[in-house]
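**Student:** Below is a structure I'd like to ask you about.
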């Protein structure tokens, strides 16, 4: 491997997950898919549409099923 000549290199310490893509969006997608299976897309959209506006939180006036791209804060 490329790090064999570096005796003090701990390659496993340098490999870490991309929090935005692997953890946040992975868990979010899994949870939304789980809720859609339980409630159905229409009911889940209705729940998000009826949520009251809250400071610091996003509003989904069209529900979640109409989202085409989800981004997070970096």
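Every read-out reported here was derived from the displayed coordinates using simple, explicitly stated rules and does not represent laboratory data. Source: prediction; values computed, not measured. Note that we place each Cβ from the backbone using ideal geometry, even for glycine, and neighbour counts take in every protein chain shown.
**Student:** Quick test of your reading of the structure: residue 55 fulfils all but one of (1) in a loop (DSSP other than H, G, I, E, B); (2) within 18 Å of the chain's Cα centre (by Cα). Name the failing condition by number.
**Tutor:** In the conditions (1) in a loop (DSSP other than H, G, I, E, B); (2) within 18 Å of the chain's Cα centre (by Cα), residue 55 misses (2) alone.
**Student:** Any chance the range 18-38 includes a residue that's surrounded by 10 or more Cβ atoms within 10 Å (Cβ to Cβ) and at positive phi?
**Tutor:** no
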